Amino acid sequence: MEKIKEDAIKAVVAIIIGIGAILSFKEFLAGIILIAVGAVIIGVNENLRSLFLSFVKWIWDKMTGKETQKMEGSPGALQQQAKMDAIVGDVVNTGKIIQNININRNQEDYEKRVALKTIYKKMVKPLRTLNLAANVGVKNKKEFNEISESIDEFINTKMENELELDDELLNKLDEVMGAFRHTSHELYTKVQKNKFNEGLHGLKSFDFVMKCKEATSMIKSRV
């Protein structure tokens with residue numbers, strides 16, 4: 001270990017002095033020789049060479065964004081994605097129950113029940129497409145725009161039917177709307193930078209999934 005430290009110090013000092021000689025004193029030959037000496041020291045010491053190459057790779061990954069991709073592809077991130085996919089599946093299955101509930105036109109709260117079923121249908125579409133996009137990114141701007149349009153359709157439907165909603169459910173749907181917008185904005189930031197097929201990470205990015213689950217449970221209890 002001491003040998004590695006000693007060689008590392010020699011190599012770094014030689015390279016720094018060499019670069020300084022070239023940039024500050026225009027001593028190109030001396031500078032190149034010193035840089036070459038530092039490179040040789042790194043090359044001869046196998047352990048030091050491995051550390052140096054690992055450092056270079058780390059810098060390259062940072063510059064190219066591969067570090068973020070590793071986080072997204074880590075076991076923890078994959079487990080999170082699988083969990084969110086399972087919750088989306090539960091919401092969809094619960095929605096099938098909601099859609100199969102027959103509503104009698106003679107019921108006093110007929111309009112309210114119809115509104116609830118309509119809101120659910122408009123909510124589940126962006127839930128599914130946004131969850132997929134948050135996992136793997138969007139392919140192009142058109143796909144992002146389609147997701148944004150489905151979110152707008154949900155928001156408009158919610159607003160059109162707000163008179164049929166109680167305060168508790170209305171507040172929950174407002175939370176869904178806010179979570180949709182948050183994740184959509186994160187995706188929009190990537191689209192602006194032409195970072196396609198690149199997913200998001202972090203629990204906040206997938207908060208809309210939990211909000212939709214909670215809203216679906218509330219809708220089911222009221223239909």
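Read-outs: derived from the displayed coordinates by stated rules, not from any lab. Note that this is a predicted model, so its numbers are computed, not measured. Here the Cβ is made from the backbone with ideal geometry for all residues, glycine too, and neighbour counts use every protein chain on show.
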From the C-alpha gyration tensor of the range 86-161, square roots of 5λ in Å: 28, 15, 7
Farthest positive-ward along the range 106-159 dipole, Cα basis, beta-carbon charges - from T118, S148, A133: A133
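Express the relative contact order of the range 159-223 as a whole percentage, based on alpha carbon pairs under 8 Å and six or more residues apart in sequence.
Details: 26 pairs, mean separation 29.5, N = 65.
So the answer I get is 45 percent.
With +1 assigned to the C-beta of every Lys and Arg and -1 to the C-beta of every Asp and Glu, and no other charges, what is the dipole magnitude of the range 87-220 about the Cα centre in debye, to the nearest 20? If you can, show how the numbers build up before the last one.
Numbers: 22 positive and 21 negative charges, 147 e Å.
Rounded to the nearest 20 debye, it is 700 debye.
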